[in-house]
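Worksheet: the structure to be examined is printed underneath.
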Amino acid sequence: MEIPFVSFLPMERELDKDLRTAFERVYTRSWYIDGKEDEKFEKAFAEYCTVNYCVGVGNGLDALMLILKALDIKSGDEVIIPSNTYIATALAVTYVGATIVFVEPDIRTFNIDPRKIESAVSDKTKAIMPVHLYGQPCDMDPIMEIAKRHNLYVIEDCAQAHGATYKGKKVGSFGNAAGFSFYPGKNLGALGDAGAALTNNRELADRVRALGNYGSDYKYHHIYQGHNSRLDEMQAAFLAAKLPHLERMNVERRRIADRYLKGIKNPDVILPYIIEDAVPVWHIFGIRCKRRDELEAYLKNKGVGTNKHYPIPMHLQKCYKDLDFKQGDYPIAEEISATELSLPMYYGMSNEEVQYVIDVINEF
């Protein structure tokens, strides 16, 4: 049996008519930037995430960068981020000139460990950026308490967590703002690059929108040195067509994850851990294995596609060599990078395919 790591085909076949209708509507209208489709999706996604404002932008990295810039975080400031995440989280901080401060994750969840945050706070710290990695909600209560105690902003990186909840609340609704990615592979994915910044603060939303529109609050009036980062009408229309189906597709991901969690019994495999009161959306189902590379090759030979997230930790990436980090500085992030393997996880996987993955892993 051949099982890809990810496939969009089941979803796209199911939503084919809706997506084609969305395309025709935009194409016929001949209005491609800053129009009705963007307005419609922003309103719908803000309501879905239970926040007041959504600003569509070009991608998830831009969403985080524009939020930081809108909060006037700049050179001389420090931003706390997890040592284990995708590079975009760090790049957003770098792009505004601020200093990255890494905090190690809880090795059980791969998410930032709240118990380690406070010791990283200095008089230069301006924000904490927790990442709901793989669609697993962070433990937000202690993070928000630390932020309140030290008067820090909280910017949630929700790039992989569309619809995840913590204590009954959607991620993206806890902090001062949140950044989402709609990269095609995400649970809610566009058919190209796209992103959004969410907040309950009207002034902050207006600043993000202006910064993403060449720094302009209205045509040819530029109040900031801005950027070109806007959600185009076509992608907004595709996202609006997909959004009503997100919840049931997340339910299907949870069903697959539950099968994995109950069925995988191999003692060499460490399964994901879910914190109390968290409901993940399983953008990625990441296991750990000391014999990761051997398991990866074995699964490939058996026809099972996998991926590694992320095989080189951020502090050891060549682009951050100027920060002078070395092997051993962040051992938990390094351990995750050396042992994590992501299993097939996508809407439309059949029971037979899920069971095949389970059986093959248990035979390893």
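The values are calculated or read from the model by the stated rules, or taken from the named source; none is laboratory data. Computed from a prediction, not measured in an experiment: that's the story for all the values here. Cβ: placed from backbone, ideal geometry, glycine included. Neighbour counts: every protein chain shown. Side chains are part of the model used for accessible areas, which takes the heavy atoms of the whole protein and leaves out ligands, DNA and RNA. Shrake-Rupley method; radii C 1.70, N 1.55, O 1.52, S 1.80 Å.
Tabulated values for the structure
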item	result
Selected residue (only one of Arg108, Arg115 is in contact with a Pro (Cβ under 9 Å, 6 or more places away or on another chain) and part of a helix (DSSP H, G or I))	Arg115
Of all residues making up region 2-11, the number that are surrounded by 13 or more Cβ atoms within 10 Å (Cβ to Cβ) and either part of a helix (DSSP H, G or I) or modelled with pLDDT under 95 (or both)	2
Matching residues, region 228-254, being open to solvent by 60 Å² or more (accessible area, probe 1.4 Å) and either touching a residue at least 60 places away in the same chain (Cβ under 8 Å) or farther than 22 Å from Ala44 by Cα (or both)	Asn228, Arg230, Glu247, Arg254
Any hit, region 203-217, residues being of a type outside the set (A, V, I, L, M) and modelled with pLDDT under 95	yes
Residues being within 25 Å of the chain's Cα centre (by Cα), farther than 18 Å from Lys300 by Cβ and polar (S, T, N, Q) - total across region 320-364	1
Count - residues of region 164-214 that are part of a loop (DSSP other than H, G, I, E, B), over 22 Å from Ile73 (Cα atoms), open to solvent by less than 40 Å² (accessible area, probe 1.4 Å) and of a type outside the set (S, T, N, Q)	11
Matching option when the condition is outside any helix (DSSP H, G or I) and among the charged types (D, E, K, R), among Asp141, Asp38, Asp62, Asp72	Asp72
Qualifying residue in region 31-38 (condition: aromatic (Phe, Trp, Tyr), touching a helix residue (DSSP H, G or I) at 6+ places or on another chain (Cβ under 7 Å), more than 23 Å from Lys170 (Cβ to Cβ) and open to solvent by 20 Å² or more (accessible area, probe 1.4 Å))	yes
Top-ranked residue of region 105-151 - restricted to ones that are under 18 Å from the mean Cα position of the chain (by Cα) and of a type in the set (Asp, Glu), ranked as farthest from Glu252 (Cα to Cα)	Asp113
Single match in Ile358, Ile332 (criterion: among the hydrophobic types (A, V, I, L, M, F, W, C), part of a helix (DSSP H, G or I) and open to solvent by less than 30 Å² (accessible area, probe 1.4 Å))	Ile358
Filter result for Val26 (more than 21 Å from the chain's Cα centre (by Cα) and crowded, with 20+ Cβ neighbours inside 10 Å)	yes
Total residues in region 262-282, condition out of contact with any strand residue (DSSP E or B) (no Cβ under 9 Å at 6 or more places or on another chain) and either open to solvent by 20 Å² or more (accessible area, probe 1.4 Å) or small (Gly, Ala, Ser) (or both)	8
Qualifying positions in region 41-56 - touching a residue at least 40 places away in the same chain (Cβ under 8 Å) and surrounded by fewer than 16 Cβ atoms within 10 Å (Cβ to Cβ)	Thr50, Asn52
